[in-house]
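Okay, so here's the structure we're looking at.
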Amino acid sequence: MKDHSLLSRRTILRRSTAIPAASIALGGSAFAQSSSSPPGIPESMKIPGGPFVNPPYGVPSAFEKDVVRVLPSAPNPFPTGSRSPLQSLYGIITPNGLFFERHHAGVPTINPDQHRLMVHGLVERPLVLDMEDIVRFPSVSKIHFLECSGNSSSQYVGPSGKTAQEIHGLLSCGEWTGVKLSTILAEVGVKPKAKWILAEGADAAAMTRSIPMDLAMSEGILVYAQNGEKLRPEQGYPLRLLLPGVEGNMNIKWLRRLKVGEKPFYTREETSKYTDILPDGSSYEFTFAMDVKSVILSPSGGQKIRTGYHEITGVAWTGHGRIKGVDVSTDGGRTWRQAVLQEPVLSKALTRFRLPWQWDGAPTIIQSRAIDEAGRIQPTRKKLVERRGPNYVYHYNAIQSWKVSDSGEVSNVHA
């Protein structure tokens, strides 16, 4: 791989496909105007705007009606999740109202004044904490992605879904505020034999997962706020567990109990569910970390582009630390060019990448390939399926291919 340090604007333009200067200027072919006449005075400048309105909670412009979460495409009378509109977002932070959802027994209504967190098991001083107790501890704020382990899993079988949202939308990124789990564990005094923690939610599914002690102590956070405001009910209000970089269902929402023990607890959600079945029929016990992955969001499925200059942009992420680099191909994987990583490049967070591209109108396939600081490289779909076999369901991280037709329409393909 090449050095993935940041590049100057001059270097970016030099390394890109030759883009005529006239194409970048407003009068050039890439941005040709439909009319040479100057724009008229808009109606908004002729009369005063509407009166100041102070709604209880601010809402987007009415013209952004298509920037919404979507439910699974298959008919389902009881949908269990929604997907973020990745292709319509900018930067790396997902607004709270567009954050993906995944539930196992609906969204419970919990009064924070009555909510309690019990910490017990192999500890010196078992505790029951209310929310007032928890927010009094020293707090931290961290930016991390959250991804469902089943995100993109339909692609194991064949091209399924049209847009980035439909295919990869069980993914979001936000700023999380709360108390380090290690702080709470220090308060109760973990006994030497303790190696695992059972985390349990207060939903009707009593969602439970076993957490290795080293993972809990290193980066675990008891979260009560997201993107500057209190958690929303669908994100675990009033308290959830955050374990950066690991599969989404381990980040227990509506957290009510932490039991410390010597061994894994082998709950339903880590035996009959969320296990990775190998070709010989056996299963991996625990595959926590989400693998290195990327997806181009513009241009992407469901969009239509014109000939001329475009900025290819998307996001990359990994549960193994920081993204080191992203390469982009505009010819179906025959050649690759180094994209620029937009700051900040954070550990276990979405990283935005960008690459200038001049489309000549010929059909082609565009792809992105990420590499992380641990040396993991995003695989092709063919190699991933060959390695994992036909029974795998979770942790799909193959290269996404978008086909651009001669009409400019972009669609999901396997290449």
Discussion item. Before I look further, what does the stretch 261-334 give for accessible area per residue, probe 1.4 Å, in whole square angstrom?
Written reply: 43
Worksheet item: Relative contact order (percent) for the stretch 93-161, with alpha-carbon contacts under 8 angstrom and 6 or more residues of separation?
Response: 19
Worksheet, complete the sentence: Per DSSP, the loop-located chymotrypsin sites (Phe, Trp or Tyr not before Pro) within the stretch 165-267 having at most 12 other beta carbons within 10 Å are 266
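Rounded, prolate or oblate: which one fits the stretch 200-353, using the alpha carbon gyration tensor with axes a ≥ b ≥ c (rounded when a/c is under 1.5, else prolate when a/b beats b/c, else oblate)? The partial results should precede the final answer.
On the way: a/c = 2.32, a/b = 1.72, b/c = 1.35.
Because a/c hits 1.5 or more and a/b exceeds b/c, the stretch 200-353 counts as prolate.
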Worksheet item: Once amide H atoms are built 1.01 Å from N in the peptide plane, which residues 5 or more positions from residue 271, or in another chain, come under 5 Å H to H?
Response: none
Practice prompt. Return the sequence-ordered ³J(HN,Hα) values of the stretch 199-209 in whole Hz as given by the Karplus equation 6.51 cos²θ - 1.76 cosθ + 1.60 applied to θ = phi - 60°, using x for Gly and Pro.
Written response: 9, 10, x, 9, 8, 5, 7, 6, 3, 9, 9
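Which value, in Å², gives the accessible area per residue of the stretch 79-216 when a 1.4 Å probe is used on the protein heavy atoms?
On the way: 5660 Å² over 138 residues.
On a per-residue basis, 41 Å².
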Response to the item:
Of 197, 110, 221, the most mobile residue in a GNM of the chain (C-alpha springs, cutoff 10 Å) is 110
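What are the equivalent ellipsoid semi-axes of the chain, built from the alpha-carbon gyration tensor (square roots of five times its eigenvalues), in whole angstrom, biggest first? Each step should come with its number before you reach the end.
Numbers: eigenvalues 331, 146, 78 Å².
Largest first, the chain gives 41, 27, 20 Å.
How high is the relative contact order of the chain, in percent, with contacts defined as C-alpha pairs under 8 Å that are six or more residues apart?
Values: 929 pairs, mean separation 68.5, N = 415.
Averaging sequence separation for qualifying contacts and normalising by length gives 17 percent for the chain.
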Discussion item. Solvent-accessible area of residue 68, probe 1.4 Å, all protein chains present, reported in Å² to the nearest ten, please.
Written reply: 70
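Would you work out if the stretch 48-158 is rounded, prolate or oblate? Take a ≥ b ≥ c from the square roots of the eigenvalues of the alpha-carbon gyration tensor; rounded if a/c is under 1.5, else prolate when a/b is larger than b/c, oblate otherwise.
Values: a/c = 2.11, a/b = 1.30, b/c = 1.62.
Here the stretch 48-158 falls in the oblate category.
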Worksheet entry | residue 307 accessible area, assembled protein chains, probe 1.4 Å, Å² | 80
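Based on the alpha-carbon gyration tensor of the stretch 221-270, what equivalent-ellipsoid semi-axes (square roots of 5 times the eigenvalues) come out, in whole Å, largest first? Walk me through the intermediate numbers first.
Values: eigenvalues 100, 25, 20 Å².
So the equivalent ellipsoid measures 22, 11, 10 Å along its semi-axes.
So, with a 1.4 angstrom probe, what is the percent of accessible area on the chain that is carbon and sulfur?
Numbers: 11090 of 20460 Å².
Roughly 54 percent of what the probe reaches on the chain is carbon or sulfur.
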Worksheet item: Could you work out the helix-only [θ] at 222 nm for the chain, with each DSSP H run of four or more residues adding -39,500 (n - 2.57) and the total divided by the number of residues, to the nearest 500 deg cm²/dmol?
Response: -2500 deg cm²/dmol
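How much length, in nm to one decimal, is gained on full extension between residue 407 and residue 285, taken as 0.36 nm per residue of separation minus their Cα-Cα distance? It would help to have the intermediate numbers written out before the result.
Details: separation 122, 0.36 × 122 = 43.92 nm, distance 4.74 nm.
Taking 0.36 nm per residue and subtracting the Cα distance, the gain is 39.2 nm.
To the nearest 0.05, how large is the calculated FRET efficiency for residue 43 and residue 66 if R₀ is 22 Å and r is the Cβ-Cβ distance? Walk me through the numbers before you get to the answer.
On the way: r = 23 Å, r/R0 = 1.05.
Calculated transfer efficiency: 0.40.
Are there trypsin sites (Lys or Arg not before Pro) in the stretch 375-415 that DSSP puts in a loop and that have at most 15 other Cβ atoms within 10 Å, and which ones? All intermediate terms of the calculation are to be shown ahead of the outcome.
Details: sites: 376, 381, 382, 383, 387, 388, 403; in loops: 376.
The qualifying sites: there are none.
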Worksheet, complete the sentence: Residues meeting the amide H criterion for residue 205 (H placed from the backbone, H to H distance under 5 Å, 5 or more places apart or on another chain) are 105
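From the convex hull of the Cα coordinates of the stretch 288-330, what is the mean projected area in square nanometres?
Numbers: hull surface 16.0 nm².
Its Cα hull, projected and averaged over all orientations, spans 4.0 nm².
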Item to complete: Calculate one ³J(HN,Hα) per residue across the stretch 144-161 by plugging θ = phi - 60° into the Karplus curve 6.51 cos²θ - 1.76 cosθ + 1.60, and present them in order as whole Hz with x for glycine and proline.
Response: 9, 7, 9, 9, 5, 5, x, 4, 6, 5, 4, 6, 4, 7, x, x, 10, x
Worksheet item: Using the Karplus equation 6.51 cos²θ - 1.76 cosθ + 1.60 (θ = phi - 60°), what ³J(HN,Hα) coupling, rounded to whole Hz, does each residue of the stretch 121-136 give in order, writing x for Gly and Pro?
Response: x, 7, 9, 6, 9, x, 9, 10, 10, 9, 5, 5, 4, 5, 6, 7
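The values are calculated or read from the model by the stated rules, or taken from the named source; none is laboratory data. All values reported here derive from a predicted model rather than from experimental measurement. Cβ coordinates were reconstructed from backbone atoms using ideal geometry, including for glycine residues, and neighbour counts include every protein chain displayed. Note: areas computed on protein heavy atoms with side chains; ligands, DNA, RNA excluded. Shrake-Rupley method; radii C 1.70, N 1.55, O 1.52, S 1.80 Å.
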